[in-house]
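Beneath this line is the structure, given in structure tokens, with notes to follow.
The values are calculated or read from the model by the stated rules, or taken from the named source; none is laboratory data. None of the values given here were measured: they were computed from a predicted structure. Positions of Cβ are generated from backbone atoms using ideal geometry, with glycine treated the same way; all protein chains shown enter the neighbour counts. In case anyone asks, the SASA skips ligands and DNA or RNA and just uses the protein heavy atoms, side chains included. Shrake-Rupley method; radii C 1.70, N 1.55, O 1.52, S 1.80 Å.
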Amino acid sequence: MKIVVLDGYTENPGDLSWEELEKLGELVVYDRVSYAEDPIIREKIADADIVITNKTPISKETLDACPNIKAIAVLATGYNVVDYEYAKEKGIPVMNVPTYGTQIVGQYAVGLLMEICSHYGHHDQTVKEGKWENNADWCYWDYPMIELYGKTAGIIGLGRIGQSTARILNAMDMKVLAYDAFQSEAGKKLAEYVELDELLAKSDVIFLHCPLFPSTEGIINKENIAKMKDGVILINNSRGQLVVEQDLADALNSGKVYAAGLDVVSTEPIKGDNPLLTAKNCLITPHISWAAQAARQRIMDITVNNVKSFVEGNPTNVVNK
């Protein structure tokens, strides 16, 4: 079998190994091909039996142009970069990595909140620039210091990652509310399930941990922001398309939303005209919640197992059965 990895660099910039995949067939790894529909994608996988992708799209047109493809493995949980329904019609299983970064993504979400509350990076920089050395007082702070004890956090989407975040917030003595279309017993032990409008109205901090579905796309919009507390904090390291970015930028600039911590935006890499780049109190990081080496190794291990299971005739983690 010929196995082609279309965009391997973000998964493995050199600190992991492709060796286990090499044992399963002839392996070709490209660091990058294209993050948009492009004929070059078809050229790279024209004779591939198994295609591995992260963010390089595999469209209907690509599938039609590459009749040798027998399986597709996605180096991620989300798989909307693949036309998986059309792949199903063609008998091509699409396999994903259903869970690998539960703890690290929850950790990162709370880390974004902590940075907003205390501005560690900013104050470190000012100290090294000499501000403390030349300060009239023994301490100073350039932003309000926010204590989270006793405040209310609302989590939209209380799946595995939402529950990981909730555990940390519980340890910080915050009250945790949750909105999710599917309630679980595990979730009930960590948060109080409420309707979305109640969560919006009562939360001091709102975390987005829900998948991107038609029902959740643009869930943070002008109308829902108006239902929130004045001075609310928003954290999103789930999917950028959950947020109507101009509406959030307007709310940040007006002060309705005090601050936002974002690890995702609607188009990635971010475009220079994204209104959030110039919005007040908006912390943006480049989609790295998932990127700890330990988490990437889990992605590698699960992907190897996905490919191996397909080769052995019993594919696992198939999203388009």
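Summed over qualifying helices (DSSP H, 4 residues or more, each -39500 (n - 2.57)) and divided by its residue number, the chain shows a 222 nm mean residue ellipticity of -9000 deg cm²/dmol. The residues W138, W18, sorted by heavy-atom accessible surface at 1.4 Å with ligands and nucleic acids left out, run W138, W18 from largest to smallest. For K308 and A226, a Förster radius of 56 Å and the Cβ-Cβ distance give a FRET efficiency of 0.65, rounded to the nearest 0.05. The equivalent ellipsoid of the chain has semi-axes of 39, 22, 19 Å, largest first, where each one is the square root of 5 times an eigenvalue of the Cα gyration tensor. The value obtained for the stretch 37-130, namely the Cα convex hull volume divided by the number of residues, is 143 Å³ per residue. Counting only heavy atoms of the protein chains and using a 1.4 Å probe, W141 has close to 150 Å² of accessible surface.
Each 10 Å bin from 0 upward holds the following percent of the Cα-Cα pairs of the stretch 115-181: 18, 33, 23, 18, 7, 0. Extension gain, K271 to S34, is 83.7 nm, computed as 0.36 nm per intervening residue step minus the present C-alpha separation. A 1.4 Å probe run over the chain, with the rest of the protein chains in place, finds 49 Å² accessible per residue. Protection proxy ranking, highest mean first, for peptides 309-315, 92-98: 92-98, 309-315, where packing is the per-residue count of other beta-carbon atoms within 10 Å, averaged.
Near Q107: Cβ cut-off under 14 Å, other residues only, Lys/Arg at +1 and Asp/Glu at -1. The net charge is 0. As a length-normalised measure over Cα pairs under 8 Å and 6 or more apart, the relative contact order of the chain settles at 16 percent. Taking the stretch 165-307 on its own, what percent of its Cα-Cα pair distances exceed 25 Å? Roughly 34 percent, rounded to a whole number. Of the solvent-accessible surface of the chain, computed with a 1.4 Å probe over protein heavy atoms with every protein chain present, carbon and sulfur atoms account for 51 percent.
Counting only protein chain heavy atoms and rolling a 1.4 Å probe, the accessible areas of M1, M174 rank, largest first, as M1, M174. Projected label points at F182 and E85, each 7 Å from Cα along the beta carbon direction, are separated by 1.9 nanometres. One chain, two ends: Q107 and Y193. Fully extended at 0.36 nm per residue, the span grows by 28.8 nm beyond their Cα-Cα distance. Placing dummy labels 7 Å off each Cα toward the beta-carbon, the span from E133 to M145 is 2.3 nm. If you sort K23, K321, K88 by accessible surface, 1.4 Å probe, largest first, the order is K321, K23, K88.
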